[in-house]
Amino acid sequence: MKILLVQPNNTTTMGLNNVSLIEPTGLEAIAGSLLRDDHSVEIADLRAIDSNPDKYLEQRINDFKPDAVGFSCSFTPDVYRTIELAKIVKNDFGIRYVFVGGHHVSVYPFDFNVKEIDAIIVGEGEITARELIGAFSSNSGLSNVKGIIYNENGNQIKNTPRSLLKNINDLPFFARRLTDEYRKKYYLGIRTSLACLETARGCPFKCDFCSVWNFYGGSYRSKSPERVAAELKEIKEDYVLVTDDNFFSDVKRAKKIGELLKKEKIYKLYTIQARSDTIVKHPELISQWKELGLSNIFIGFESIDDDKLGSINKSNSSINNEKAYYIAKKHNVAVTASFIISPDFTKLDFKKLIDFVKRLKISVPVFSILTPLPGTKLYNELKDKLTVKNYSYYDLFHPVLETFLSNKDFFREFSNLYKTSYKSLNLRANDILFVLKYILSGKMPLNHMFKLKKSMRSISTPETYINSLLWDNKNNF
């Protein structure tokens, strides 16, 4: 069969999607699996299309003439656009089979009970997608395909769940060649020439605001150091974002990977995600990986208050966050520190947070608003208190619960966090040299820095948020 996999675009929201665009690894993983059955597969990444993505999709369908179209919907703000596109390809383009997978779809499939969507893949999709396409191609019905929900006569019929893959080490490599057309468009902040690498899946921690552990059933599975090295050898880009939720979850494995990469002389610039308590217990990891090219660590500080960390089940402390930050700084590794802004923040809370950022001189802080996303424990606890039901605003940059401050005051304080932190781009000497090198080599467009600065100016301006709202008389939308 011919299968077109589509990554929807969404221009209705704001937020960190304006300062990053990473490859659609979910679709590349599914494509790699489908190619094992000799299907013909293509990927259309509508996020990387600068103008008229609908026309671009129409042209791709006319040229390729797919038998089935699959959509990825991992993020809550993408729900409406995904459904809109599913209706277009089914009703306007006459695609016989339409299916959807991804994170949001899996944890909250009820949103996709529309007649234009034939089936929903729940959970990991590599095996399920192959069986689903096999059922489509043979017209054998969908009742025997584990791990799907299929729509029939207005009802959602849930099949037997599929168990998590026992060994992700044997999965095919991402089908990166299918995104060759877009790869120059992928970036993370100032880092262009960017590729993603998955070395593990899942997280053993159970933070209330996160749905990752729910998606993976609280499990943690990893690929061998040899497999990780083999994938890195195939990556042409200089900069690698490791997508693991905590790359240092298995300390021994992280060390072994580092030893193997050093032995095989594999050098990249890495951004990883890691917990601060692991870094504090094993500072030698930072030293080891700095030699291999570790450039940036994303650490979820979440809060400067231990009581608030406890209230979201973070299982960590603010002192660990500070210690980890200084360990990274000692080795000249940048830290992207993520903070969660609670709707009950007062002006004093905002001031304490910005004072903390200033005191540590955090060059890359990220602020997001506490959002009960479907599929999280937080959502189940607070769904009756939601003041906003429109998914377009579940972008972590709009409050969807009642705020202590008025909406306008809240946005003034929230935007000021970015304005104060990013008065300039706060580039280190290494970053400036990096930018110059990449511009001169042609790996970074000349206007990239202007684009980033415009995006930062936007999220640093309260009117950006206020003007994005559809206000009613109660200041809700």
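The values are calculated or read from the model by the stated rules, or taken from the named source; none is laboratory data. Keep in mind that this is a model prediction, so the values were computed, not measured. Positions of Cβ are generated from backbone atoms using ideal geometry, with glycine treated the same way; all protein chains shown enter the neighbour counts.
Specify which of the listed residues (Asn153, Asn159) is buried (at least 17 other Cβ atoms within 10 Å of the Cβ) and over 27 Å from the mean Cα position of the chain (by Cα).
On the way: Asn153 fails: buried (at least 17 other Cβ atoms within 10 Å of the Cβ).
Of Asn153, Asn159, the one residue that is buried (at least 17 other Cβ atoms within 10 Å of the Cβ) and over 27 Å from the mean Cα position of the chain (by Cα) is Asn159.
Just to be sure I understand, how many residues within region 31-41 are in contact (Cβ under 8 Å) with a residue 12 or more places away in the chain and surrounded by fewer than 20 Cβ atoms within 10 Å (Cβ to Cβ)? First the steps, then the outcome.
If we filter region 31-41 for residues that are in contact (Cβ under 8 Å) with a residue 12 or more places away in the chain, which is where we start, we get 31-37, 39-41.
Filter once more, keeping what is surrounded by fewer than 20 Cβ atoms within 10 Å (Cβ to Cβ): 32, 35-37, 39-40.
Going through region 31-41 one residue at a time, the tally reaches 6.
Within region 160-207, which residues are part of a loop (DSSP other than H, G, I, E, B) and more than 27 Å from Gly258 (Cα to Cα)? Within region 160-207, Thr160, Pro161, Arg162, Ser163, Leu164, Asp180, Glu181, Tyr182, Lys206, Cys207 qualify. A single member of Phe301, Phe350, Phe339 is buried (at least 18 other Cβ atoms within 10 Å of the Cβ), outside any helix (DSSP H, G or I) and at pLDDT 95 or above, and it is Phe339.
Given the options Leu353, Leu405, Leu417, Leu378, name the one that is more than 20 Å from the chain's Cα centre (by Cα), aliphatic (A, V, I, L, M) and over 30 Å from Val333 (Cα atoms). Reasoning before the result, please.
On the way: Leu353 fails: over 30 Å from Val333 (Cα atoms); Leu417 fails: over 30 Å from Val333 (Cα atoms); Leu378 fails: more than 20 Å from the chain's Cα centre (by Cα).
Testing whether each residue is more than 20 Å from the chain's Cα centre (by Cα), aliphatic (A, V, I, L, M) and over 30 Å from Val333 (Cα atoms) leaves just Leu405.
Test Ser392 against the stated conditions and say whether it is touching a residue at least 60 places away in the same chain (Cβ under 8 Å), polar (S, T, N, Q) and either closer than 22 Å to Asn313 by Cα or in contact with a helix residue (DSSP H, G or I) (Cβ under 9 Å, 6 or more places away or on another chain) (or both). When the stated conditions are applied, Ser392 passes them.
The single condition among (1) in a loop (DSSP other than H, G, I, E, B); (2) under 25 Å from the mean Cα position of the chain (by Cα) that Leu309 does not meet is (1).
Those residues that are buried (at least 18 other Cβ atoms within 10 Å of the Cβ) and either out of contact with any Phe, Trp or Tyr (no Cβ under 6 Å at 6 or more places or on another chain) or among the charged types (D, E, K, R) (or both), I need them from region 267-276; list them, please. If the condition is that a residue be buried (at least 18 other Cβ atoms within 10 Å of the Cβ) and either out of contact with any Phe, Trp or Tyr (no Cβ under 6 Å at 6 or more places or on another chain) or among the charged types (D, E, K, R) (or both), then Lys268, Tyr270, Thr271, Arg275, Ser276 are the ones that fit.
Out of Thr387, Thr371, which single residue is of a type in the set (Ser, Thr, Tyr), assigned by TED's automatic domain parsing to the domain that holds Ser455, crowded, with 17+ Cβ neighbours inside 10 Å and in contact (Cβ under 8 Å) with a residue 60 or more places away in the chain?
Numbers: Thr387 fails: crowded, with 17+ Cβ neighbours inside 10 Å.
It is Thr371.
Checked against the criterion of being on the phi > 0 side of the Ramachandran plot, under 25 Å from the mean Cα position of the chain (by Cα) and assigned by TED's automatic domain parsing to the domain that holds Phe411, the candidates Ser338, Ser315, Ser342 yield just one match: Ser315.
Say we look at region 154-174 and pick out the residues that are of a type in the set (A, V, I, L, M) and touching a Ser or Thr at 6+ places or on another chain (Cβ under 9 Å); which of these is farthest from Leu197 (Cα to Cα)?
Here is the first cut: in region 154-174, the ones of a type in the set (A, V, I, L, M) are 157, 164-165, 168, 171.
From the residues that got through so far, the ones that are touching a Ser or Thr at 6+ places or on another chain (Cβ under 9 Å) too are 157, 164, 168, 171.
Numbers: Ile157: 34, Leu164: 20, Ile168: 13, Leu171: 13 Å.
Going through the qualifying residues, I end up with Ile157.
Pick from Glu152, Glu131, Glu124: which is free of Cβ contacts under 8 Å to residues at least 12 places away in the same chain and of a type in the set (Asp, Glu)? Matching residue, one of Glu152, Glu131, Glu124: Glu152.
Filtering region 62-100 to residues that are part of a strand (DSSP E or B) and within 19 Å of Tyr394 (Cβ to Cβ) leaves Phe71, Ser72, Val100. Right, Thr11: modelled with pLDDT under 95 and surrounded by fewer than 16 Cβ atoms within 10 Å (Cβ to Cβ) or not? So Thr11 passes the test. Please work out if Lys146 is at pLDDT 95 or above, in a loop (DSSP other than H, G, I, E, B) and not aromatic (Phe, Trp, Tyr). Spelling it out, Lys146 is indeed at pLDDT 95 or above, in a loop (DSSP other than H, G, I, E, B) and not aromatic (Phe, Trp, Tyr).
Selection of helices (runs of 4 or more DSSP H) fully inside region 373-475 by the criterion of at least 3 residues being modelled with pLDDT under 90 and closer than 30 Å to Lys184 by Cβ returns 429-441, 448-459.
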